[in-house]
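**Student:** Quick one: structure below, then a few questions.
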Amino acid sequence: MIHSLEVQIPPESQGKRLDKYLSEDLALFPRSQIESRKCRVFAQGKLQKPGLKLKGLEIFTIIYEDLPEVSYEGEDLPLSIIYEDSRVVVLNKARGMVVHPAQGNHQGTLVQGLLFHCRGLKDAFPDQPLRPGIVHRLDKETTGLIIAAKDPQTLEYLGMQFRKKTTKKIYWAVLKGHLPEKEGEIEGFLTRDPGNRKKFMIHGSLGKKSHTKYRVLAVKGNYTWVELSPLTGRTHQLRVHMASQGCPILGDGVYGRKDKNFPQAPLMLHALSLQIQLPEGGETQFRAEVPRDFLSILRTLGWNLF
């Protein structure tokens, strides 16, 4: 059976190839389906090439066959809401929660929780059933601040700030190892690891530009508590950048190893604060409460916040 779906490209996918966005970011169309032309993409009635470089915020119509069933209905999920008005909702994302439905994650996503909480969200984004109102993402095991829009105009307003890099994001992380300086910057091109498609790596010239500032907050033995400020928003950026310095984030089973002192450590990466211009409230800084499992490891290392 032939189906159609309209999607708007999120700001953070700017520069990505169209086929990679469909298979990797949207995660609903296998590359084989795209290559066999069982999935075709149109913009204003014109067929788009798989290698098209995305600009962000474009709207495409996807014609496809046999899309795997994914639930777009709201679910009554526990959401930690930090702030909400008629245009936006700001949340503290829980560990283990995927942001939007995709292959292998059909239920319990942040999007489905938002669809239940914001009853008009589905109607506001009829062309974006997969990620209505989603401005940016966090990895499944990363906790902390995420902002969503309640209407397309607000989505574009917030998304433009991410694209122009006028937002200010701060993360906390605990690393295994020591960074070379107390303050510094890490830059490089991020691309997928050819040996493991689920991983990313720094390459000399291929991939997307990435840039992170860091500031060491404390050191205890072979552990470092650090503040991270990403100036770009690439997938796995902070995790790859820290691992590239020989200091993988504690609890990162993809870019690091299990730690003998903290074998059950979660991914010690938390999106702590976000400074952004709101449509109705001017520039605002939000802060997400640090989860208990993160605080527990900080205290074990002698770093008490209170």
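**Student:** Give me the strands (runs of 3 or more DSSP E) completely within region 190-256, filtered to those with at least 3 residues that are touching a residue at least 60 places away in the same chain (Cβ under 8 Å) and on the phi > 0 side of the Ramachandran plot, ordered by residue number. First the steps, then the outcome.
**Tutor:** Working: elements: 196-203, 208-220, 223-230.
Filter on region 190-256 gives an empty set.
**Student:** Check whether at least one residue in region 114-128 is within 29 Å of GLU283 (Cβ to Cβ), in contact with a Phe, Trp or Tyr (Cβ under 6 Å, 6 or more places away or on another chain) and at pLDDT 90 or above, and report yes or no.
**Tutor:** For region 114-128, residues within 29 Å of GLU283 (Cβ to Cβ), in contact with a Phe, Trp or Tyr (Cβ under 6 Å, 6 or more places away or on another chain) and at pLDDT 90 or above: absent.
**Student:** Identify the residue in region 142-182 that is within 20 Å of PRO248 (Cβ to Cβ) and surrounded by fewer than 19 Cβ atoms within 10 Å (Cβ to Cβ) and, among all such residues, is modelled with the lowest pLDDT.
**Tutor:** Top of the filtered list is PRO180.
**Student:** Also: Quick check on region 6-46: of everything there that is modelled with pLDDT of 80 or more and touching a Ser or Thr at 6+ places or on another chain (Cβ under 8 Å), which residue is nearest to PHE125 (Cα to Cα)?
**Tutor:** So, considering only residues that are modelled with pLDDT of 80 or more and touching a Ser or Thr at 6+ places or on another chain (Cβ under 8 Å), the one nearest to PHE125 (Cα to Cα) is GLU6.
**Student:** Tell me which of these HIS241 doesn't satisfy, since it passes every other one: (1) surrounded by 23 or more Cβ atoms within 10 Å (Cβ to Cβ); (2) within 17 Å of the chain's Cα centre (by Cα); (3) farther than 11 Å from SER210 by Cβ.
**Tutor:** (3)
**Student:** With respect to LEU190, is the statement that it is at pLDDT below 95, buried (at least 18 other Cβ atoms within 10 Å of the Cβ) and either closer than 26 Å to MET242 by Cα or assigned by TED's automatic domain parsing to the domain that holds LEU278 (or both) true? It would help to see each step written out before you state the result.
**Tutor:** Working: at pLDDT below 95: yes; buried (at least 18 other Cβ atoms within 10 Å of the Cβ): yes; either closer than 26 Å to MET242 by Cα or assigned by TED's automatic domain parsing to the domain that holds LEU278 (or both): yes.
Yes: the conditions hold for LEU190.
**Student:** If you go through region 102-128 one residue at a time, how many are surrounded by fewer than 17 Cβ atoms within 10 Å (Cβ to Cβ) and assigned to a loop (DSSP other than H, G, I, E, B)?
**Tutor:** Qualifying residue count for the region: 9.
**Student:** Hey, another quick one. Which one of PHE286, PHE294, PHE262 is part of a strand (DSSP E or B) and buried (at least 16 other Cβ atoms within 10 Å of the Cβ)?
**Tutor:** Exactly one residue qualifies, and that residue is PHE286.
The values are calculated or read from the model by the stated rules, or taken from the named source; none is laboratory data. Keep in mind the model is a prediction, meaning the values are calculated, not measured. FYI the Cβ positions are ideal-geometry reconstructions off the backbone, even for glycines, and counts take in every protein chain you see.
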